[in-house]
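What follows is one structure encoded as C-alpha cells, with my remarks underneath.
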Amino acid sequence: MKKVIITAAITGAVHVKSMSPHLPITPEEIADEAVKAAEAGASIVHIHARDPRTGEPSSNLEVIHEIVSRIKNRCDAIINISTGASQLMSVDERLSCIPAMQPELASCNAGSINFMFADMASKVTPSFDWELKYINKTRDNVFTNTFLGIEKYITTMNQYGTRPEFEVYDLGMISNIAYFVKRGIVRYPIDIQFVLGITGGSPATTENLCIFKNAADRLLGAENYVWSVAAAGKHQLPMAAAALSLGGNVRVGLEDNLFIKPGKLAQSNAEQVRAVRILMDVLGLEVSTPEETRCTMNLKGYDQVAF
Ligand code: KMH
Ligand code: ZN
C-alpha cells in the first residue's frame with residue numbers, strides 16, 4: 001500500500017507574529033514545533049528562518065544553522081530548507097543556504113508570481129514596524145523565479161546532493177519543470193508541491209488540482225514524479241482531503257494556515273498534522289516514516305548534510 005508523506009511547513013514567510021501567538025519565531029521555537037510535528041507523523045519539515053527578535057524573515061546562515069541542527073539533534077525527520085525564503089530577498093540570498101547546509105531537500109519555486117497577501121493587513125494590529133510594510137509590499141512585488149534563477153537553484157542543489165522540491169502555483173510552471181527535465185538537469189523522481197489558493201496563483205479547487213495532476217502526468221510521466229498539495233488558509237484541510245483521495249501526499253503547517261477550524265487558531269503545527277492523520281485513518285491510509293520517505297524520494301540521507 002502506498003504510504004502518505006506528510007510535510008509540516010513550520011513558520012514560512014507569510015504570516016507574522018501579530019496574527020497568532022503560536023507562530024514560532026526563534027530557533028528554539030521553530031525547532032520545537034518541527035520536532036513535535038515530526039512526532040505527530042510529519043516525515044518532512046519545511047523550514048524558513050526568522051529574526052528571533054522581530055519575526056522578520058531572515059537569510060542569516062547562523063540562525064538557519066541553529067534551527068536545523070536543533071531539529072537534527074532531536075529527530076530524524078527530513079529537513080527541507082526553503083529557498084523561497086522571503087519574496088523580498090535576492091535570488092542569491094535565498095540560495096545561500098544550499099552550499100552552507102547541503103540539506104537533503106529544499107524548495108525550488110518553479111516560476112514567478114505576484115504572491116499577494118496584502119489584504120491580510122486589515123486583520124493585523126502590528127507589534128513590529130516591519131510587519132505592515134512587508135505585507136503591503138506584496139501588492140506590488142514579483143516573487144522572482146526566472147529561468148536563469150531556477151536553473152541556478154537546480155544546478156546548485158545538484159552540486160550538493162540536495163533534491164529540489166518544485167513549488168508549483170500555476171499550470172504553466174509544470175511546463176517550466178518539463179523544460180528543465182528536457183535540459184537533463186532534473187533527477188528522478190521529480191518532487192512537486194502543488195501550492196493552491198495563493199492570490200496571484202491558482203485558486204484552491206479540486207478541479208484545479210486535477211488539471212495540475214493531469215498536466216504533470218502528461219508532461220512529466222505519471223511514474224516519474226511524487227506529488228503533494230499545500231493549500232492556503234481555510235483551504236488547507238479540504239485540499240488535503242482531496243489530495244489524499246487522489247493518491248497524493250499532503251503539506252500542512254502554520255506557514256500556510258494559522259487555523260485548525262474556522263475562527264479557531266491552531267495551537268501548533270502538530271495539531272494540523274494530527275488533523276490530517278484523522279482524515280487518513282478514515283480513508284484507511286498509512287503514514288510514511290522518514291526512512292520510507294527518503295527511499296521514495298531517493299534522498300541522500302541524514303548523515304550527508306552539512307549541519
Ligand atoms: N513565502 C513565499 C515567498 C518556499 O518556501 O519556497 C513562498 C514560499 C515558498 O514560502
Ligand atoms: Zn516555504
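The values are calculated or read from the model by the stated rules, or taken from the named source; none is laboratory data. The structure displayed is predicted, hence computed values, not measured ones. All Cβ positions, glycine included, derive from the backbone under ideal geometry; neighbour counts span all protein chains shown.
Go through (1) touching a helix residue (DSSP H, G or I) at 6+ places or on another chain (Cβ under 9 Å); (2) under 19 Å from E255 (Cα atoms); (3) of a type in the set (S, T, N, Q); (4) buried (at least 16 other Cβ atoms within 10 Å of the Cβ) for N136 and report which single condition fails.
(4)
Would you please name the residue that is farthest from A42 (Cα to Cα), looking only at residues in the stretch 91-125 that are of a type in the set (S, T, Y) and either within 13 Å of ligand 1 (Cβ to nearest atom) or in a helix (DSSP H, G or I) (or both)?
In the first step, residues of the stretch 91-125 are kept if they are of a type in the set (S, T, Y); the result is 96, 107, 112, 122, 125.
Those still in the list that are either within 13 Å of ligand 1 (Cβ to nearest atom) or in a helix (DSSP H, G or I) (or both) too: 107, 112, 122.
Working: S107: 17, S112: 28, S122: 33 Å.
Out of the qualifying residues, it is S122.
Looking only at residues that are hydroxyl-bearing (S, T, Y) and under 20 Å from P99 (Cα atoms) in the stretch 138-159, which one is nearest to the chain's Cα centre (by Cα)?
Among residues in the stretch 138-159 that are hydroxyl-bearing (S, T, Y) and under 20 Å from P99 (Cα atoms), the one nearest to the chain's Cα centre (by Cα) is Y153.
V35: at pLDDT 95 or above, touching a helix residue (DSSP H, G or I) at 6+ places or on another chain (Cβ under 6 Å), within 13 Å of ligand 1 (Cβ to nearest atom) and among the β-branched types (V, I, T), yes or no?
In short, no.
Go through the stretch 160-186 and give me each residue that's polar (S, T, N, Q), surrounded by fewer than 24 Cβ atoms within 10 Å (Cβ to Cβ) and in contact (Cβ under 8 Å) with a residue 60 or more places away in the chain.
Matches in the stretch 160-186: N176 only.
Starting from residues that are farther than 12 Å from V14 by Cα and part of a helix (DSSP H, G or I), keep the ones in the stretch 126-136 and report whichever is nearest to ligand 2 (Cβ to nearest atom).
To start, the set of residues in the stretch 126-136 that are farther than 12 Å from V14 by Cα comprises 126-130, 133.
Next, only the ones that are part of a helix (DSSP H, G or I) stay: 129-130, 133.
On the way: D129: 23, W130: 18, K133: 21 Å.
Top of the filtered list is W130.
Among the residues of the stretch 224-246, are any in contact with a Phe, Trp or Tyr (Cβ under 7 Å, 6 or more places away or on another chain), part of a loop (DSSP other than H, G, I, E, B) and away from ligand 2 (no atom under 16 Å from the Cβ)?
No: zero hits.
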